[in-house]
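Structure record follows, encoded as structure tokens.
Bear in mind that the values in this text are calculations on the coordinates, not laboratory data. Model, not experiment: these values are computed from the prediction. Note that each Cβ is placed from the backbone with ideal geometry, even for glycine, and that neighbours are counted across all protein chains shown.
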Amino acid sequence: TAAPAPTSAAPAAPAAPTIVDASFRGPTSCPADPSTEEPQQVFVSWVTSGADEVYVAIDDPDTPLDVGVPLALSGSLDFPNPCPGPPFTRTYYVVAVKGDQRDVRSQTFTFG
């Protein structure tokens, strides 16, 4: 009988990072008189799986914010009140990274 042909298994690709849940909350408008109303913050939270690194970015998903400490695979951040000012939009990103793979979630807010 012939011997079975050898099989060569390709190395398994690393599991891709996954953002299991991301939540973004922020004001939908700026108060007419910020001095008389409580400031509103933008709140970002996340839960990831299989990531080596997680970061948050504003307006550019390729530019992590330098918050001074590595972010946990699950966590949250509050950002200062974006008001007052002329109307503008700002996009907040959560990015999970493993090797050269990324998973990104975002939310755009219009302030003003």
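Please list, ordered by first then second residue, the pairs with beta carbon atoms under 9 Å, 6 or more apart or interchain, first in the stretch 42-59 and on the phi > 0 side of the Ramachandran plot and in contact (Cβ under 8 Å) with a residue 40 or more places away in the chain, second among the hydroxyl-bearing types (Ser, Thr, Tyr) and surrounded by fewer than 22 Cβ atoms within 10 Å (Cβ to Cβ).
Listed pairs, sorted by first residue: GLY50/THR18.
Across the stretch 41-72, what is the number of residues that are part of a loop (DSSP other than H, G, I, E, B) and surrounded by 17 or more Cβ atoms within 10 Å (Cβ to Cβ)?
Residues meeting the conditions: 3.
So for the stretch 83-92 (the condition being in contact with a strand residue (DSSP E or B) (Cβ under 6 Å, 6 or more places away or on another chain), touching a residue at least 12 places away in the same chain (Cβ under 8 Å) and small (Gly, Ala, Ser)), does at least one residue qualify?
So far as the stretch 83-92 goes, no, none of its residues is in contact with a strand residue (DSSP E or B) (Cβ under 6 Å, 6 or more places away or on another chain), touching a residue at least 12 places away in the same chain (Cβ under 8 Å) and small (Gly, Ala, Ser).
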